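The values are calculated or read from the model by the stated rules, or taken from the named source; none is laboratory data. Just so it is clear, the structure is predicted and the values come from calculations on it, not from any experiment. Cβ sites come from the backbone with ideal geometry, for glycine too, and all protein chains shown count toward neighbours.
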Amino acid sequence: MEVNSLRTITPQIIDPSFTEETMKLQGGERILDCIQCGVCAGSCHARFAMDYSPMQILKMAHLGLKQQVLSSSTIWICASCYTCASRCPRDLDIPAIMSGFKNMAMKNNVPAPIALKPKFHKAFAEIVGKYGRMHEPELKMKLINKTSPGELLRNASLGIRMFRKGKLKLQPSKLDPSTRFSEIYKNALNEEVKK
Amino acid sequence: MKYAYFPGCAVHASAKEYAMSANAVNKYLDIELVEIPDWNCCGAIDAVYAYNPLLSISLASRNLALAENMKMDIVTLCSACFFTLSRANNML
(Lines give C-alpha, C1' and ligand atoms only; values in the text may rest on other atoms or scores of the structure.)
Protein backbone atom coordinates (compact mmCIF):
# COMPACT_ATOMS: atom_id res chain seq x y z
CA MET A 1 0.00 0.00 0.00
CA GLU A 2 1.17 3.50 -0.80
CA VAL A 3 2.51 5.58 2.05
CA ASN A 4 0.69 8.86 2.38
CA SER A 5 2.41 11.95 3.72
CA LEU A 6 0.85 13.88 6.54
CA ARG A 7 -1.85 16.26 5.46
CA THR A 8 -2.88 19.37 7.34
CA ILE A 9 -6.49 20.29 7.87
CA THR A 10 -7.54 23.04 5.50
CA PRO A 11 -11.18 23.91 6.22
CA GLN A 12 -13.29 24.09 3.10
CA ILE A 13 -17.04 23.85 3.57
CA ILE A 14 -18.10 24.03 7.21
CA ASP A 15 -21.33 22.29 8.15
CA PRO A 16 -22.07 22.96 11.86
CA SER A 17 -24.80 20.28 11.96
CA PHE A 18 -22.16 17.61 11.26
CA THR A 19 -20.87 17.73 14.84
CA GLU A 20 -24.39 17.04 16.11
CA GLU A 21 -24.82 14.26 13.56
CA THR A 22 -21.60 12.70 14.82
CA MET A 23 -22.81 12.94 18.41
CA LYS A 24 -25.85 10.88 17.46
CA LEU A 25 -23.61 8.02 16.30
CA GLN A 26 -22.96 5.06 18.56
CA GLY A 27 -19.76 5.95 20.44
CA GLY A 28 -19.79 9.52 19.14
CA GLU A 29 -21.80 11.00 22.03
CA ARG A 30 -18.66 12.22 23.81
CA ILE A 31 -16.69 13.26 20.74
CA LEU A 32 -16.22 16.77 22.18
CA ASP A 33 -14.26 15.18 25.06
CA CYS A 34 -11.34 14.66 22.66
CA ILE A 35 -8.34 16.63 23.92
CA GLN A 36 -6.27 16.12 20.74
CA CYS A 37 -3.48 14.36 22.64
CA GLY A 38 -2.54 12.32 19.58
CA VAL A 39 -2.32 8.92 21.28
CA CYS A 40 -4.74 7.48 18.68
CA ALA A 41 -2.66 8.82 15.79
CA GLY A 42 0.54 7.53 17.38
CA SER A 43 -0.80 4.05 18.05
CA CYS A 44 -2.55 3.57 14.70
CA HIS A 45 -0.97 0.65 12.78
CA ALA A 46 -2.63 1.72 9.55
CA ARG A 47 -1.72 5.40 9.89
CA PHE A 48 0.88 5.17 7.06
CA ALA A 49 -1.85 4.46 4.51
CA MET A 50 -4.31 7.11 5.71
CA ASP A 51 -4.58 10.65 4.41
CA TYR A 52 -5.62 12.11 7.79
CA SER A 53 -4.76 10.64 11.19
CA PRO A 54 -7.61 9.53 13.49
CA MET A 55 -6.86 12.55 15.71
CA GLN A 56 -7.32 14.86 12.72
CA ILE A 57 -10.58 13.15 11.79
CA LEU A 58 -11.93 13.82 15.28
CA LYS A 59 -10.84 17.47 15.03
CA MET A 60 -12.48 17.74 11.62
CA ALA A 61 -15.69 16.36 13.11
CA HIS A 62 -15.49 19.08 15.80
CA LEU A 63 -15.09 21.70 13.08
CA GLY A 64 -17.96 20.33 11.00
CA LEU A 65 -15.96 19.45 7.89
CA LYS A 66 -18.48 16.86 6.71
CA GLN A 67 -17.41 16.51 3.10
CA GLN A 68 -13.71 16.20 3.97
CA VAL A 69 -14.30 13.57 6.68
CA LEU A 70 -16.63 11.43 4.59
CA SER A 71 -14.37 11.50 1.52
CA SER A 72 -11.16 10.76 3.46
CA SER A 73 -9.46 7.39 3.09
CA THR A 74 -8.94 7.19 6.88
CA ILE A 75 -12.48 6.09 7.68
CA TRP A 76 -12.21 3.21 5.18
CA ILE A 77 -8.71 2.10 6.13
CA CYS A 78 -9.44 1.86 9.89
CA ALA A 79 -9.19 -1.85 10.67
CA SER A 80 -11.13 -1.64 13.96
CA CYS A 81 -8.16 -3.12 15.83
CA TYR A 82 -9.12 -1.00 18.86
CA THR A 83 -5.54 -0.07 19.78
CA CYS A 84 -6.50 3.63 19.77
CA ALA A 85 -9.67 3.10 21.78
CA SER A 86 -7.93 1.03 24.46
CA ARG A 87 -5.24 3.71 24.83
CA CYS A 88 -7.50 6.78 24.61
CA PRO A 89 -7.26 8.76 27.88
CA ARG A 90 -10.80 10.07 27.32
CA ASP A 91 -12.12 6.57 26.62
CA LEU A 92 -13.56 7.40 23.19
CA ASP A 93 -14.72 4.54 20.98
CA ILE A 94 -12.85 5.77 17.89
CA PRO A 95 -13.36 2.68 15.62
CA ALA A 96 -17.12 2.81 16.26
CA ILE A 97 -17.09 6.48 15.22
CA MET A 98 -15.17 5.48 12.06
CA SER A 99 -17.78 2.79 11.32
CA GLY A 100 -20.47 5.44 11.82
CA PHE A 101 -18.74 7.68 9.29
CA LYS A 102 -18.55 4.78 6.83
CA ASN A 103 -22.27 4.24 7.25
CA MET A 104 -22.90 7.97 6.77
CA ALA A 105 -20.71 8.06 3.63
CA MET A 106 -22.57 5.08 2.15
CA LYS A 107 -25.96 6.63 2.94
CA ASN A 108 -24.98 10.00 1.45
CA ASN A 109 -23.43 8.31 -1.61
CA VAL A 110 -20.04 9.93 -1.02
CA PRO A 111 -17.63 8.11 -3.35
CA ALA A 112 -15.01 6.24 -1.32
CA PRO A 113 -11.32 6.73 -2.24
CA ILE A 114 -11.03 2.92 -2.15
CA ALA A 115 -13.92 1.89 -4.38
CA LEU A 116 -13.83 -1.73 -3.21
CA LYS A 117 -14.64 -0.96 0.42
CA PRO A 118 -18.36 -0.06 0.15
CA LYS A 119 -18.78 -3.09 -2.12
CA PHE A 120 -17.11 -5.26 0.52
CA HIS A 121 -19.53 -4.16 3.26
CA LYS A 122 -22.53 -4.72 1.02
CA ALA A 123 -21.34 -8.13 -0.19
CA PHE A 124 -20.48 -9.21 3.37
CA ALA A 125 -23.95 -8.33 4.66
CA GLU A 126 -25.60 -10.07 1.71
CA ILE A 127 -23.72 -13.33 2.29
CA VAL A 128 -24.49 -13.23 6.02
CA GLY A 129 -28.15 -12.72 5.13
CA LYS A 130 -28.08 -15.64 2.72
CA TYR A 131 -26.41 -18.29 4.86
CA GLY A 132 -26.35 -16.78 8.36
CA ARG A 133 -22.59 -17.22 8.38
CA MET A 134 -19.69 -15.95 6.34
CA HIS A 135 -18.62 -17.99 3.33
CA GLU A 136 -15.19 -16.62 2.45
CA PRO A 137 -14.76 -18.04 -1.11
CA GLU A 138 -18.03 -16.46 -2.18
CA LEU A 139 -17.08 -13.08 -0.73
CA LYS A 140 -13.78 -13.24 -2.59
CA MET A 141 -15.53 -14.17 -5.83
CA LYS A 142 -17.89 -11.21 -5.47
CA LEU A 143 -15.02 -8.77 -5.02
CA ILE A 144 -12.28 -9.81 -7.44
CA ASN A 145 -11.99 -8.31 -10.86
CA LYS A 146 -12.91 -11.28 -13.05
CA THR A 147 -11.63 -9.63 -16.22
CA SER A 148 -8.02 -9.50 -14.97
CA PRO A 149 -6.30 -12.87 -15.60
CA GLY A 150 -3.41 -12.00 -13.27
CA GLU A 151 -5.74 -11.41 -10.34
CA LEU A 152 -7.69 -14.60 -11.08
CA LEU A 153 -4.49 -16.67 -11.20
CA ARG A 154 -3.13 -15.23 -7.95
CA ASN A 155 -6.39 -15.93 -6.17
CA ALA A 156 -6.67 -19.42 -7.67
CA SER A 157 -3.23 -20.42 -6.42
CA LEU A 158 -4.01 -19.03 -2.95
CA GLY A 159 -7.34 -20.86 -3.01
CA ILE A 160 -5.69 -24.18 -3.88
CA ARG A 161 -3.15 -23.82 -1.08
CA MET A 162 -5.91 -23.01 1.41
CA PHE A 163 -8.04 -25.90 0.16
CA ARG A 164 -5.19 -28.37 0.71
CA LYS A 165 -5.00 -27.30 4.35
CA GLY A 166 -8.75 -27.65 4.75
CA LYS A 167 -9.14 -23.92 5.29
CA LEU A 168 -11.49 -23.39 2.41
CA LYS A 169 -14.91 -24.93 2.42
CA LEU A 170 -16.58 -25.20 -0.96
CA GLN A 171 -20.02 -25.63 0.57
CA PRO A 172 -21.18 -22.83 2.89
CA SER A 173 -22.30 -23.94 6.35
CA LYS A 174 -25.94 -23.02 6.73
CA LEU A 175 -28.30 -22.44 9.63
CA ASP A 176 -31.30 -24.57 10.55
CA PRO A 177 -34.07 -23.19 8.26
CA SER A 178 -36.70 -23.74 10.97
CA THR A 179 -35.14 -21.01 13.14
CA ARG A 180 -36.17 -17.44 12.54
CA PHE A 181 -32.84 -16.06 11.43
CA SER A 182 -34.05 -14.55 8.15
CA GLU A 183 -36.88 -12.84 10.02
CA ILE A 184 -34.39 -11.15 12.37
CA TYR A 185 -32.29 -10.14 9.39
CA LYS A 186 -35.18 -8.63 7.46
CA ASN A 187 -36.59 -6.81 10.48
CA ALA A 188 -33.22 -5.24 11.29
CA LEU A 189 -32.87 -4.02 7.71
CA ASN A 190 -36.39 -2.57 7.58
CA GLU A 191 -36.04 -0.90 10.96
CA GLU A 192 -32.92 0.92 9.76
CA VAL A 193 -34.72 2.24 6.67
CA LYS A 194 -37.57 3.66 8.77
CA LYS A 195 -35.22 5.84 10.85
CA MET B 1 -15.65 -26.45 33.46
CA LYS B 2 -18.17 -26.30 30.64
CA TYR B 3 -18.64 -23.28 28.44
CA ALA B 4 -20.95 -22.38 25.57
CA TYR B 5 -18.58 -22.07 22.64
CA PHE B 6 -19.05 -19.54 19.87
CA PRO B 7 -16.55 -20.48 17.10
CA GLY B 8 -17.16 -17.64 14.66
CA CYS B 9 -16.88 -17.86 10.89
CA ALA B 10 -13.09 -17.38 10.62
CA VAL B 11 -12.17 -19.96 13.27
CA HIS B 12 -14.42 -22.41 11.44
CA ALA B 13 -12.62 -21.98 8.11
CA SER B 14 -9.53 -19.87 7.40
CA ALA B 15 -8.21 -19.79 10.99
CA LYS B 16 -8.69 -23.50 11.61
CA GLU B 17 -5.30 -23.96 13.28
CA TYR B 18 -6.38 -21.55 16.01
CA ALA B 19 -9.26 -23.83 16.99
CA MET B 20 -6.91 -26.84 16.96
CA SER B 21 -4.40 -25.23 19.32
CA ALA B 22 -7.17 -23.96 21.60
CA ASN B 23 -8.60 -27.49 21.84
CA ALA B 24 -5.16 -28.87 22.70
CA VAL B 25 -4.77 -26.35 25.54
CA ASN B 26 -8.30 -26.94 26.79
CA LYS B 27 -7.52 -30.60 27.48
CA TYR B 28 -4.88 -29.61 30.02
CA LEU B 29 -6.98 -26.86 31.57
CA ASP B 30 -9.91 -29.23 31.96
CA ILE B 31 -12.22 -26.97 29.97
CA GLU B 32 -14.97 -28.37 27.81
CA LEU B 33 -16.36 -26.23 25.03
CA VAL B 34 -19.89 -27.01 23.90
CA GLU B 35 -20.62 -25.45 20.51
CA ILE B 36 -23.71 -23.25 20.48
CA PRO B 37 -26.22 -25.00 18.21
CA ASP B 38 -27.17 -23.01 15.10
CA TRP B 39 -24.93 -20.03 15.85
CA ASN B 40 -24.83 -17.27 13.23
CA CYS B 41 -22.35 -14.56 12.20
CA CYS B 42 -21.40 -12.52 15.29
CA GLY B 43 -22.28 -9.26 13.55
CA ALA B 44 -18.74 -8.58 12.35
CA ILE B 45 -17.16 -5.79 14.35
CA ASP B 46 -16.96 -3.42 11.37
CA ALA B 47 -17.96 -5.24 8.17
CA VAL B 48 -21.67 -5.51 9.05
CA TYR B 49 -21.68 -2.71 11.64
CA ALA B 50 -20.71 -0.03 9.10
CA TYR B 51 -23.33 -1.34 6.67
CA ASN B 52 -26.11 -1.39 9.25
CA PRO B 53 -25.41 -1.00 13.00
CA LEU B 54 -28.79 -2.36 14.07
CA LEU B 55 -28.28 -5.52 12.00
CA SER B 56 -24.90 -6.11 13.63
CA ILE B 57 -26.34 -5.78 17.14
CA SER B 58 -29.30 -8.06 16.33
CA LEU B 59 -27.01 -10.77 14.93
CA ALA B 60 -24.91 -10.68 18.10
CA SER B 61 -28.04 -10.69 20.28
CA ARG B 62 -29.30 -13.87 18.62
CA ASN B 63 -26.07 -15.63 19.58
CA LEU B 64 -26.30 -14.34 23.14
CA ALA B 65 -29.88 -15.57 23.38
CA LEU B 66 -28.86 -19.03 22.14
CA ALA B 67 -26.05 -19.16 24.71
CA GLU B 68 -28.44 -18.04 27.45
CA ASN B 69 -30.66 -21.03 26.66
CA MET B 70 -27.70 -23.29 27.35
CA LYS B 71 -27.28 -21.71 30.82
CA MET B 72 -23.52 -21.51 30.43
CA ASP B 73 -21.03 -18.69 30.11
CA ILE B 74 -20.06 -17.93 26.54
CA VAL B 75 -16.52 -18.34 25.23
CA THR B 76 -15.16 -17.25 21.88
CA LEU B 77 -11.64 -17.49 20.47
CA CYS B 78 -11.93 -14.60 18.01
CA SER B 79 -11.21 -11.20 19.57
CA ALA B 80 -13.47 -9.40 17.12
CA CYS B 81 -16.38 -11.77 17.85
CA PHE B 82 -15.76 -11.26 21.55
CA PHE B 83 -15.93 -7.51 21.18
CA THR B 84 -19.11 -7.60 19.09
CA LEU B 85 -20.83 -9.92 21.56
CA SER B 86 -19.79 -7.84 24.56
CA ARG B 87 -20.91 -4.64 22.84
CA ALA B 88 -24.35 -6.18 22.24
CA ASN B 89 -24.41 -7.46 25.81
CA ASN B 90 -23.70 -3.95 27.15
CA MET B 91 -26.43 -2.46 25.01
CA LEU B 92 -29.14 -4.96 25.87
Residue A:55 vs. criteria surrounded by fewer than 22 Cβ atoms within 10 Å (Cβ to Cβ), of a type in the set (A, V, I, L, M) and away from every other protein chain (no Cβ under 14 Å): yes
Being assigned to a helix (DSSP H, G or I), in the same structural domain as residue A:81 (by TED's automatic domain parsing) and surrounded by 12 or more Cβ atoms within 10 Å (Cβ to Cβ) narrows A:28, A:42 down to just A:42
Which members of the stretch A:74-90 meet the condition of being touching a residue at least 40 places away in the same chain (Cβ under 8 Å) and assigned to a loop (DSSP other than H, G, I, E, B)? A:88, A:89, A:90
Of the conditions (1) buried (at least 16 other Cβ atoms within 10 Å of the Cβ); (2) aliphatic (A, V, I, L, M); (3) free of Cβ contacts under 8 Å to residues at least 12 places away in the same chain, the single one that residue A:115 does not satisfy is (1)
Is it the case that the stretch B:21-31 has a residue that's farther than 20 Å from residue A:99 by Cβ, facing chain A (nearest Cβ under 10 Å), surrounded by fewer than 23 Cβ atoms within 10 Å (Cβ to Cβ) and of a type in the set (Ser, Thr, Tyr)? no
Tally the residues that are crowded, with 19+ Cβ neighbours inside 10 Å, away from chain A (no Cβ under 12 Å) and without any contact (Cβ under 8 Å) to a residue 24 or more places away in the chain, restricting the search to the stretch B:32-87. 0
Output for the stretch A:98-136, where each listed residue is within 11 Å of chain B (Cβ to nearest Cβ), out of contact with any Lys or Arg (no Cβ under 9 Å at 6 or more places or on another chain) and over 30 Å from residue A:179 (Cα atoms): A:98, A:101, A:105, A:107
Do any helices (runs of 4 or more DSSP H) lying entirely in the stretch A:96-183 carry at least 2 residues that are aromatic (Phe, Trp, Tyr), in contact with a strand residue (DSSP E or B) (Cβ under 6 Å, 6 or more places away or on another chain) and not assigned by TED's automatic domain parsing to the domain that holds residue A:84, and which ones are they? none
Might you check whether a residue that is without any contact (Cβ under 8 Å) to a residue 60 or more places away in the chain, out of contact with any Phe, Trp or Tyr (no Cβ under 8 Å at 6 or more places or on another chain) and either among the charged types (D, E, K, R) or surrounded by 13 or more Cβ atoms within 10 Å (Cβ to Cβ) (or both) occurs anywhere in the stretch A:2-10? yes
List pairs: first residue in the stretch A:54-73 and in contact (Cβ under 8 Å) with a residue 60 or more places away in the chain, second residue of a type in the set (D, E, K, R) and outside any helix (DSSP H, G or I) anywhere in the structure, Cβ distance under 8 angstrom, at least six positions apart or on different chains. A:73/A:51
Hey, among the residues in the stretch A:149-195 that are of a type in the set (A, V, I, L, M, F, W, C) and in contact with a Phe, Trp or Tyr (Cβ under 9 Å, 6 or more places away or on another chain), which one's surrounded by the fewest Cβ atoms within 10 Å (Cβ to Cβ)? A:170
